[in-house]
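A.B. asks: I have a structure here, written as structure tokens, and I will follow up with some questions on it.
The values are calculated or read from the model by the stated rules, or taken from the named source; none is laboratory data. Since the model is a prediction, treat every value here as computed from it, not as a measurement. No Cβ is skipped: glycine too gets one built from the backbone with ideal geometry, and neighbour counts run over all protein chains shown.
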Amino acid sequence: MDVGDSLNPAIDIGQIEGAFIQGYGLFTMEEIKIRPDGTRLTRGPGTYKIPTADDAPRHFNVRLLKGSSNKRGIFSSKAIGEPPLFLGSCAFFAIREAIRSYRQERGLNGYFRFDAPATPEQIRLACEDDILRKVPELPKAGTYTPWTVTL
């Protein structure tokens with residue numbers, strides 16, 4: 001990771017690891033649920049799943065890029081907290097590519113919409129597997145009130 005001249009490598013590596021896990025949660029777990037009347041059901045980490053220690057990679061190697069100082073920054077440093085957050089998206093994109101491969105093996109070659117977070121429910125819906133095909137069709141829109149709405 002390019003952090004410029006690290007003031008404290010141990011803290012910077014911890015920041016990178018923490019931001020990755022936070023991004024991993026954002027892109028694969030933290031689903032916002034809203035009722036049709038606009039009431040938000042997921043108002044905090046007590047109402048939606050967040051990553052735990054079991055979700056962290058077993059082997060997570062972080063290295064700081066050497067010789068990349070920022071002459072205009074304070075003590076030649078660079079941002080460390082926010083940039084690694086997007087590293088968590090690699091899990092989302094890997095899941096999306098696995099779904100694409102699964103679909104292609106079954107002859108489903110067209111476009112499919114797959115938005116974050118990549119929850120187990122969203123993965124199953126995107127795969128359109130044999131179990132999902134057994135689910136009866138939903139009633140027509142406007143004939144029922146859904147429990148939640150998708151933004």
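A.B. asks: Does segment 56-74 contain at least one residue that is touching a Gly at 6+ places or on another chain (Cβ under 8 Å), farther than 29 Å from Phe114 by Cα, modelled with pLDDT under 80 and of a type in the set (Ser, Thr, Tyr)? Explain how you work it out, then say what you get.
C.D. replies: Residues of segment 56-74 touching a Gly at 6+ places or on another chain (Cβ under 8 Å): 68-70, 73.
The next check asks that each one be farther than 29 Å from Phe114 by Cα; those that pass are 68-70, 73.
Then drop every residue that is not modelled with pLDDT under 80, which leaves 68-70, 73.
Filter again for of a type in the set (Ser, Thr, Tyr), leaving 68-69.
Yes: segment 56-74 contains one or more residues that are touching a Gly at 6+ places or on another chain (Cβ under 8 Å), farther than 29 Å from Phe114 by Cα, modelled with pLDDT under 80 and of a type in the set (Ser, Thr, Tyr).
A.B. asks: Still on this structure: Out of the residues in segment 114-133 that are β-branched (Val, Ile, Thr) and under 14 Å from the mean Cα position of the chain (by Cα), state the one that is nearest to Tyr102 (Cα to Cα).
C.D. replies: Here the answer is Ile123.
A.B. asks: Within segment 81-107, work out how many residues are closer than 18 Å to Leu26 by Cα and in contact with an Asp or Glu (Cβ under 9 Å, 6 or more places away or on another chain).
C.D. replies: Within segment 81-107, residues that are closer than 18 Å to Leu26 by Cα and in contact with an Asp or Glu (Cβ under 9 Å, 6 or more places away or on another chain) number 2.
A.B. asks: Output the qualifying pairs, or none if there are none: Cβ atoms under 9 angstrom, residues six or more apart or on different chains, first residue in segment 17-28 and buried (at least 20 other Cβ atoms within 10 Å of the Cβ), second residue basic (Lys, Arg).
C.D. replies: Pairs that qualify, where the first residue is buried (at least 20 other Cβ atoms within 10 Å of the Cβ) and the partner is basic (Lys, Arg), are Gly25/Lys49.
A.B. asks: Among the residues of segment 101-115, count how many are surrounded by 13 or more Cβ atoms within 10 Å (Cβ to Cβ) and either under 23 Å from Leu151 (Cα atoms) or of a type in the set (Gly, Ala, Ser) (or both). Lay out the reasoning, then the answer.
C.D. replies: At the first step, the residues of segment 101-115 found to be surrounded by 13 or more Cβ atoms within 10 Å (Cβ to Cβ) are 102-103, 108, 112, 114.
With either under 23 Å from Leu151 (Cα atoms) or of a type in the set (Gly, Ala, Ser) (or both) added as a condition, the list becomes 112, 114.
Within segment 101-115, residues that are surrounded by 13 or more Cβ atoms within 10 Å (Cβ to Cβ) and either under 23 Å from Leu151 (Cα atoms) or of a type in the set (Gly, Ala, Ser) (or both) number 2.
A.B. asks: Working only within segment 1-36, note down all residues that are of a type in the set (S, T, N, Q) and in contact with a strand residue (DSSP E or B) (Cβ under 9 Å, 6 or more places away or on another chain). Outline the logic, then answer.
C.D. replies: Residues of segment 1-36 that are of a type in the set (S, T, N, Q), as a first pass: 6, 8, 15, 22, 28.
Ser6 - this is the single residue of segment 1-36 that is of a type in the set (S, T, N, Q) and in contact with a strand residue (DSSP E or B) (Cβ under 9 Å, 6 or more places away or on another chain).
A.B. asks: Looking at Phe92, is it aromatic (Phe, Trp, Tyr), part of a helix (DSSP H, G or I) and modelled with pLDDT of 90 or more?
C.D. replies: Working: aromatic (Phe, Trp, Tyr): yes; part of a helix (DSSP H, G or I): yes; modelled with pLDDT of 90 or more: yes.
Yes.
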